[in-house]
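The values are calculated or read from the model by the stated rules, or taken from the named source; none is laboratory data. Computed from a prediction, not measured in an experiment: that's the story for all the values here. Here the Cβ is made from the backbone with ideal geometry for all residues, glycine too, and neighbour counts use every protein chain on show. To get the accessible areas, we keep the full protein, side chains included, count just its heavy atoms, and leave off ligands, DNA and RNA. Shrake-Rupley method; radii C 1.70, N 1.55, O 1.52, S 1.80 Å.
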Amino acid sequence: MYYMKNVMQNKIVISGMGVVTAGCNNVAEFKDSLKNGKSGIKKVMYADDGKCDIKIGALLGEYFLGSDEFEKYIDIDASLYSRAKKILRNTSLSEKASVMTALEAWCDAGLYKFDIDPELISIIVGGSNLTKKISFDNHDSFMAEPCYLSPQYAMKFFDTNHVGILSELLQIKGEGFSVGGASASGNMAIIEAMRLLRYGLSDICVVVGALSDLSLMELQSFMNIGALAGKKFADRPEEACRPFDEQHEGFVYGQGCGCLILETEESVERRQGSFYAKLLGGGMCLDGNHLTNPNKDGEIKAMKKAIDDAKLSIEDILYLNAHGSSSSLGDNTECEAIKELFGEHLKRMMINSTKGITGHCLSAAGVIEAIASIIQMNDRFIHDNINLENPIDEKFTLVRGKRDNVDVKIAMSNSFGFSGINTSIIIERNF
Amino acid sequence: MSKEEIFEIVKNCVVDILPDINENDIKITDALKDLGANSIDRMDVTIGCMKALKLKVPMIRFGNISNIQGLVDVLYEECNAK
């Protein structure tokens, strides 16, 4: 077959980025929040008469919903703008976030200027069960009168509606699908896109780490399983997410979405485009365990596979964007895995977790943290581990305070999910 | 309920689903498709009207209508058959 000749030949670059997180509507604002170590976590009010235990979160809220961010696209590409306007007329929060980040990434890469064969562009959406809140919100009225259920629901409950929406928005006609890997979905989407491009099946892939729009039922289930923070720091929400700190007590739900344009180096050169970084490799593996507990050996294996895939050695990794969800067992396991894998080299490494700032954006986390890694390398800083007061392990080289003028060429970014799903990716800056 | 009143309800439902449309610009002879409603939007408008009128009508009853007039006529018949 034609593409088999090209296996592993194509080099992959990242030529566009788009992001929304709590308090940030674009990459520039996200960069500021990383530099300032500004947490998007706040007290949240749900209409549950206070019955549920969910009091804090990093929600997009009015800042995103009331934003006129979208209006700038009218001057960039009028037909893209008009398609987006039509699509945004009737989208869920999760879909709106995908549209906004895809618009930013697509225009950032300058792809609207080129006449690229739409069959050579693909879409991969990272995340499953993205619209639980819609089901939850419709439940009572549905039980009262099933026949009045909105027909839109038939499309909206499929995660692949994101794929359809983005294909209509960007007029993409290559391959398209969603991948689910719990909290590792974002990295999984990046790795699957990398494989697609390496195989020569597409020139460009739009990768979205989609917003997990959870209802109180999912959030309460995380609380009941012991995974969620919010007990000790209920009155100081901005301090509640504290990856690798002794007082960590679980993750904080974050809403966010990220989009990367992955492209073969050949494609970006052909159109004389620029790029931010190279995606050197990725690794995935399972623990053989369906529970929520992480596994040190599985995490080591995923990181090792990523390093091997990138044809690097551990000494090449100077910066690591940890999964670091702020859960006690998760942080401790990752710390042990990193210490064992990197050994003496750990002393030369800088480690942080972006989740202290964004909360845990679940499906989107991998893509958002890849963007955070690229921003930091290209802007020569490493963001603070906010809320880190007493590290769980003094030998673990966590960044204390923002580091400036750093020269990091290669970053590793970890994402681990429930059901023993381990992923790691490696990115190289473009200078 | 008169056909005029039902037309007002239909217009409200159209604007709910297609917020860019000005209610005063909707004519009874318009087809929902020409107002920019896709196939799912059209079903949403129909179900929205049924809900507003507290009607339960099998969707097949709306199968052959070609414009808002047709929708108003079916809803009017069903209202008065109650």
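Taking segment A:70-93 as the range and being away from every other protein chain (no Cβ under 13 Å), among the basic types (Lys, Arg) and under 16 Å from residue B:20 (Cβ atoms) as the test, no residue passes. Quick check, is residue A:241 over 16 Å from residue A:413 (Cβ atoms) and assigned to a loop (DSSP other than H, G, I, E, B)? Yes: the conditions hold for residue A:241.
Taking every residue in segment B:3-20 that is of a type in the set (D, E, K, R) and pairing it with any residue that is open to solvent by 30 Å² or more (accessible area, probe 1.4 Å), at least 6 positions away or on another chain, the pairs with Cβ-Cβ distances below 6 Å are B:3/B:76; B:11/B:23.
One residue alone among A:120, A:149, A:169 is more than 14 Å from chain B (Cβ to nearest Cβ) and in contact with a helix residue (DSSP H, G or I) (Cβ under 6 Å, 6 or more places away or on another chain), and that residue is A:169. When A:296, A:232, A:301 are checked against the criterion of being surrounded by fewer than 24 Cβ atoms within 10 Å (Cβ to Cβ) and either at pLDDT below 95 or at positive phi (or both), A:232 stands alone in meeting it.
If you go through segment B:4-45 and keep only what is within 23 Å of residue B:63 (Cβ to Cβ), within 14 Å of chain A (Cβ to nearest Cβ) and assigned to a loop (DSSP other than H, G, I, E, B), you end up with B:18, B:32, B:36, B:37, B:38. Can you find even one residue in segment A:170-187 that is part of a helix (DSSP H, G or I), within 19 Å of residue A:267 (Cα to Cα) and open to solvent by 20 Å² or more (accessible area, probe 1.4 Å)? Within segment A:170-187, not a single residue is part of a helix (DSSP H, G or I), within 19 Å of residue A:267 (Cα to Cα) and open to solvent by 20 Å² or more (accessible area, probe 1.4 Å). Inspection of segment A:111-123 finds no residue satisfying the criterion of being on the phi > 0 side of the Ramachandran plot and either in a helix (DSSP H, G or I) or surrounded by 13 or more Cβ atoms within 10 Å (Cβ to Cβ) (or both). Where strands (runs of 3 or more DSSP E) fall entirely within segment A:247-356, those with at least 3 residues that are over 30 Å from residue A:114 (Cα atoms) are at A:277-286, A:319-321, A:350-352. Given the structure, is residue B:57 within 14 Å of chain A (Cβ to nearest Cβ), open to solvent by less than 20 Å² (accessible area, probe 1.4 Å) and assigned to a loop (DSSP other than H, G, I, E, B)? The answer is yes for residue B:57.
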